[in-house]
1. Determine if the range 134-146 includes at least one residue that is open to solvent by 40 Å² or more (accessible area, probe 1.4 Å), of a type in the set (A, V, I, L, M), modelled with pLDDT of 80 or more and assigned to a helix (DSSP H, G or I).
2. What do you reckon, is Arg159 free of Cβ contacts under 8 Å to residues at least 60 places away in the same chain, farther than 21 Å from Lys107 by Cβ and touching an Asp or Glu at 6+ places or on another chain (Cβ under 8 Å)?
3. Residues that are at pLDDT below 70 and under 26 Å from Ala147 (Cα atoms): does the range 57-76 have at least one?
4. In the set Leu279, Leu303, which member is free of Cβ contacts under 8 Å to residues at least 40 places away in the same chain, farther than 23 Å from Leu354 by Cα and not polar (S, T, N, Q)?
5. With (1) open to solvent by 20 Å² or more (accessible area, probe 1.4 Å); (2) in contact with a helix residue (DSSP H, G or I) (Cβ under 8 Å, 6 or more places away or on another chain); (3) within 20 Å of Ile267 (Cα to Cα) as the list, and Trp316 as the residue in question, which single condition is left unmet?
6. Within the range 261-305, restricting attention to residues that are among the small types (Gly, Ala, Ser) and closer than 26 Å to Gln207 by Cα, which residue is farthest from the chain's Cα centre (by Cα)?
7. Any residue in the range 233-254 that is charged (D, E, K, R) and modelled with pLDDT of 95 or more sitting within a Cβ distance under 6 Å of a residue that is open to solvent by less than 40 Å² (accessible area, probe 1.4 Å) and not in a loop (DSSP other than H, G, I, E, B)? List the pairs, counting only those 6 or more apart or interchain.
8. Taking Val124 as the residue in question, decide whether it is β-branched (Val, Ile, Thr) and surrounded by fewer than 19 Cβ atoms within 10 Å (Cβ to Cβ).
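The values are calculated or read from the model by the stated rules, or taken from the named source; none is laboratory data. These figures come from a predicted structure and were not determined experimentally. Every residue, glycine as well, gets a Cβ built from its backbone with ideal geometry; the counts of neighbours run over all protein chains shown. To get the accessible areas, we keep the full protein, side chains included, count just its heavy atoms, and leave off ligands, DNA and RNA. Shrake-Rupley method; radii C 1.70, N 1.55, O 1.52, S 1.80 Å.
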Amino acid sequence: MGQLVNKLSQTLESSPALRPYLSRLADDLAKGKPLPAVKTLGNGLHADDLHALRSFFGAKRILSGPPVRLKLAEFLTASGLNTEAFAQALVEVFGVVTEAKSPSSLKSRLMLEFPDLAEALAAVFGSPAIVRTWETQPSQAVALCRAAQVLLAATDQSRLSNLGVRFFNDSKQLRRGTEAYNLLGDLLRAQLEAPELSREQAFERCQVVANGTAVKATVFGRIRYRCGRHTFEWIRDLSVQGQAAVLTMQNLESIDELILDGKPEFIITCENETPFCELVDSDPAVPVFYTGGYPNAAVRRLLSLLPGHVRTIRHWGDTDLDGLLIANILDAFRPVDLWRGDLGSAERLKTSLLPLASDKRHRAETLLRHRPDFRFAEELRFALRFGWLEQEAWRE
């Protein structure tokens, strides 16, 4: 019995990919279920998981499916193992409350398998909600970590659709906004120790490039631009009709000069779409750029084209951690004045403030601890103490 427990423990140390499958068996036993002759292991198992399973149980006893199944009774017979002894060893190794069902089990397994990502994993997989979602698909979580390792060491450019196929067999898995995209971006940010970066910026730093027509910037105002000898006036023409314009990265890369009628000393940037549309309806005298949350590469390219007479940016955004990080990114292009999200507005609208969620509170406290010189530290401390103001809650 002791030898079998030691063997199982040693096997799990050398092949942590086996852990969720063996712990599932232990969990069934703890609930009084007998060991099945054939155990279904799931769909879409990662190649490394399959390799570990075949190495331990024997290639002939792993049916590739779908779904992938294990001929457990055949394995026990061929190994000369007593079913009861094997069951007791599993329960002893994993305990009655199995690691597979523990909120920290997935994080523990990933940290064991990817020790170089340990700190990033501790930060990103600290949310029980995330763990609950991903512990049902451990092979996908492993694929996520492998993708992070590859990107952090990348010297050649890649695209998200190609990465999706490479690591998930699905070109759409890493589309912007999917949970996999968000988690991988957060892993990169945490490992790069750069919380001020947006997820997209973290991907860009790791050589991930977007298709020229996929990344867009939305603007409104009396704006023209020059490409070579030709001046384009369609953005201004649309604004006269009360309409915003959309530029792709392909458009923006060809622009030599951005021309703002009236030579304003500031522009307005807006984090969320509804407030942006409200600004468009009010027909402001200065251009308005919609950041769409964290400014993507197209928005940042547009900001880099601002003429010299634009001295400041008035930014209207949420006053939570992410909203202030967005303002911090914009501050790299022109000094930012918080507008409608400043301390005075937050103080005046105290009854509309929302408490920071626990994960955002933790991130905010961590950022202030490591970055006491953060440009909007005073506003962030106010949000930690009293709550944050959502853009849509602002009123005169």
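1. No, the range 134-146 contains no residue that is open to solvent by 40 Å² or more (accessible area, probe 1.4 Å), of a type in the set (A, V, I, L, M), modelled with pLDDT of 80 or more and assigned to a helix (DSSP H, G or I).
2. No: the conditions fail for Arg159.
3. Checked the range 57-76: at least one residue is at pLDDT below 70 and under 26 Å from Ala147 (Cα atoms).
4. When all the criteria are applied, what remains is Leu303.
5. (1)
6. This residue is Ser304.
7. Qualifying pairs under 6 Å: Arg236/Ile223.
8. Spelling it out, it is not the case that Val124 is β-branched (Val, Ile, Thr) and surrounded by fewer than 19 Cβ atoms within 10 Å (Cβ to Cβ).
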